[in-house]
Amino acid sequence: GLLLLDEPLSNLDAALRLVMRSEIRRLQRSLGVSTILVTHDQIEATTMADRVICMSKGRIEQIGTADDLYQRPDSLFVAGFIGSPPINLLQGQADAHEARVGDESLPVGKNASGPVVVGIRPEHVSLGQGARSAIVDDLEPHGRETIYHLRTAFGPLRALEAGAVARYRVGDSVRFDVGSTLLFDAASGRRIAA
C-alpha cells in the first residue's frame with residue numbers, strides 16, 4: 001500500500017505539529033506502508049523522510065537523505081532551502097584553492113577558477129578565536145543557542161553558537177574562524193566537488 005499526504009501539518013499550531021510528526025512516523029512504521037509526503041517545510045521533510053526529493057519549479061534538484069542534502073547539496077537552491085538558520089552564501093572569485101570574497105581571501109580546498117559562491121553554514125563559524133575579526137551587528141538568543149549577525153570583511157555573516165547565555169553583545173568586536181565551506185559555480189549554481 002501507499003499513503004499520500006499533501007501538506008498534512010500546514011494548518012496545525014507548532015505544538016500539535018510536533019506531536020503529529022511523531023504520530024505519522026509511528027503509524028507509517030506500524031502499518032509498514034510507503035508514504036509520499038509533500039511539504040514546503042524543511043523541518044517536516046528532514047525529520048520525517050528516509051529520503052528527500054527537493055524540487056524547484058517542478059524539477060528535481062536532488063534526491064537523498066536529509067544528511068546528504070545538508071552536507072552535500074548539489075545546488076545553491078538545495079543549500080539555501082535546507083538548514084536553519086540559513087547558510088551564508090558569499091559571492092567570490094576563485095583562483096586555484098582560494099576564493100576572494102569581499103576584502104579577503106578564503107581557502108576553499110577545491111581547485112576552481114572564476115565566479116563562485118562560497119557557502120558557510122552558521123555552525124562552521126567559530127567565535128572567540130582565529131585570525132579574522134568581526135563586529136556583532138545583532139544577535140538572536142534562542143534559549144539553547146544564539147545566532148550572531150556579524151559584520152566582516154567578507155560581508156554579512158551569520159554564526160550559530162550553542163549555549164543558553166550569549167557570550168557577546170551588539171557592538172562587540174570578536175575574533176572568528178571559518179571551518180568547512182561549500183563551493184558553487186556562480187553561473188550554473190551547481191556545487192563544485194572536491
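Bear in mind these aren't lab numbers, they're just calculated from the coordinates by the rules spelled out. Bear in mind the structure is a predicted one, so any value in this text is a computation, not a measurement. In this analysis, Cβ positions are derived from the backbone assuming ideal geometry, glycine residues included, and neighbour counts consider all displayed protein chains.
Computed from Cα positions, the angle between helix 14-31 and the longest principal axis of the chain comes to roughly 60 degrees. Of the labelled options [x] 57, 33, 30; [y] 56, 43, 38; [z] 56, 40, 23, which one gives Cα extents along the principal axes in Å as computed for this structure? Answer by label: [z]. Fully extending the segment from L4 to S188 would add 62.9 nm, taking 0.36 nm per residue of separation and subtracting the current Cα-Cα distance. Computed from backbone phi, the HN-Hα couplings of segment 42-48 come to 4, 5, 4, 4, 7, 8, 9 Hz, rounded to whole numbers (Karplus: 6.51 cos²θ - 1.76 cosθ + 1.60, θ = phi - 60°; Gly and Pro given as x). For the chain, which longest stretch is free of loop sites, where a loop site is one of the trypsin sites (Lys or Arg not before Pro) that DSSP puts outside H, G, I, E and B and that has at most 16 other Cβ atoms within 10 Å? Longest run free of exposed loop sites: 58-143.
Largest GNM mean-square fluctuation among V108, V170, V19, using the chain with Cα springs under 10 Å: V19. Amide H contacts for S75 (H built 1.01 Å from N in the peptide plane; partners 5 or more residues away or on another chain; cut-off under 5 Å): R191.
Comparing Cα centroids, segment 8-85 and segment 162-191 end up 25 angstrom apart.
Here is how the number arises for the chain: DSSP H runs of 4 or more residues each give -39500 (n - 2.57), the sum is divided by the residue count, and the result at 222 nm is -5500 deg cm²/dmol. Cβ-Cβ distance of S30 and Q71, R₀ of 41 Å, FRET efficiency by 1/(1 + (r/R0)^6): the value works out to about 0.85. A DSSP coil position with no more than 10 other Cβ atoms inside 10 Å describes none of the chymotrypsin sites (Phe, Trp or Tyr not before Pro) in segment 10-94.
Extending 7 Å from Cα along the Cβ direction at E140 and again at D172 yields two label points whose distance is 1.9 nm.
Model label sites at A15 and S113, defined 7 Å from Cα along the beta-carbon direction, differ in position by 6.1 nm. Entry note, segment 1-74: relative contact order of 26 percent, from Cα contacts under 8 Å with a spacing of 6+ residues. Residue separation of M55 and S84 scaled by 0.36 nm, minus their Cα-Cα distance, works out to 8.6 nm of gained length. A full extension of the chain between S180 and E23 corresponds to an added length of 52.9 nm, given 0.36 nm per residue minus the alpha carbon distance.
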